[in-house]
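Taking it in order: structure first as C-alpha cells, then the write-up.
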Amino acid sequence: EQDDLSDMPAFSRAIRSREDDVARQHSETALKDIAEGKPFGTLMNPKYGEIRYDLGSIGVRKPNGKTKGGKGFLHIVSERVAKDGATLDEAIDTAIRVGIAAERGTETKALMNTRWLDHNGVRAIIALTENGKPIITGYEIRADETSAAFLSSDALRSRPVIREAEIVAALKDRIAKIRRDGNGRLGAAIAELGENPGKERLARLEARYS
C-alpha cells in the first residue's frame, strides 16, 4: 500500500484522507469504550471483520528493563513511554494510530495465528483467537516515527515504571478532550446549516462528531 499521498490525484487523496478520518473516529470510539469500562472496543477490518481492542496489560518488567506478557492498549502505551521516551499523550496518539492500522492497514506478514497490518508507518499486531475474534496485541513503529532514539537496556532499567492507573487517567482525559472538540465542531457545523437544517442532516452531523 502506498502511504505517501503526495503523488496521488487530489480526488484520491481526499477520499483516502476521509477514510483515515473515519478510521480515527472508530479508533477513538474503541478507546472510549475501554475508558468507560467495557471489556473491549471494536474496529472493522475488510478482511477479518470485527477486531477487538481491549485494555490488556502492561506486563512484567524483567531485570533488563524490558517487559514480558504485555498486550493491548496498556502494553502499547507503556512500551511507547519506556522504549521511546514518549509522553503519555504521545503514546495515546500511537495507540489511536494502531487502531487505524488495524482497520485500514495492509497485511504485510502472517505467522500462525498472528497478523501484521501496516498503515502510515504504524503496524498493528493482531492475534486470531480461538473464538474467531481477532484482537490487537501489540504494535511496531518505524524508527523515524519515534520521539526519541531506542533506549539501551541500562536506560530502560532506569525508567520509572508507569502504572495502569496513570495510563487509564490519561486516556480518560484524552477522551474528554475529544468530546469537547467534537462538540465545538458540531456547534460550528450546525451554525453553518442555518436556522432549519432538517432532522436527517442534524442526525448525520451528530453521528459524525459524537
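Accessible area per residue was computed with a 1.4 Å probe on protein heavy atoms; GLU107 scores about 60 Å².
In the stretch 52-105, the portion of solvent-accessible area held by carbon and sulfur atoms comes to 49 percent [1.4 Å probe, whole percent, DNA, RNA and ligands not counted]. One chain, two ends: LYS68 and THR87. Fully extended at 0.36 nm per residue, the span grows by 4.7 nm beyond their Cα-Cα distance. Backbone N atoms of the stretch 83-108 closer than 19 Å to the 7 Å Cα→Cβ label point of ALA169 belong to residues 86-93.
Holding the Cα-Cα limit at 25 Å, pick out from LYS32/LYS71; LYS62/LYS172; LYS62/LYS83 the pairs that are longer than that.
LYS62/LYS172
The residues neighbouring ASN131, those whose beta-carbon lies less than 14 Å from its own, together hold a net charge of -1 under the Lys/Arg +1, Asp/Glu -1 convention.
The residues of the stretch 62-104 expose on average 33 square angstrom of accessible surface per residue, using a 1.4 Å probe on protein heavy atoms.
The values are calculated or read from the model by the stated rules, or taken from the named source; none is laboratory data. For clarity, every value in this text was computed on a predicted model and none was experimentally measured. Note that we place each Cβ from the backbone using ideal geometry, even for glycine, and neighbour counts take in every protein chain shown. Heads up: the accessible areas ignore ligands, DNA and RNA and are worked out on the full protein's heavy atoms, side chains in. Shrake-Rupley method; radii C 1.70, N 1.55, O 1.52, S 1.80 Å.
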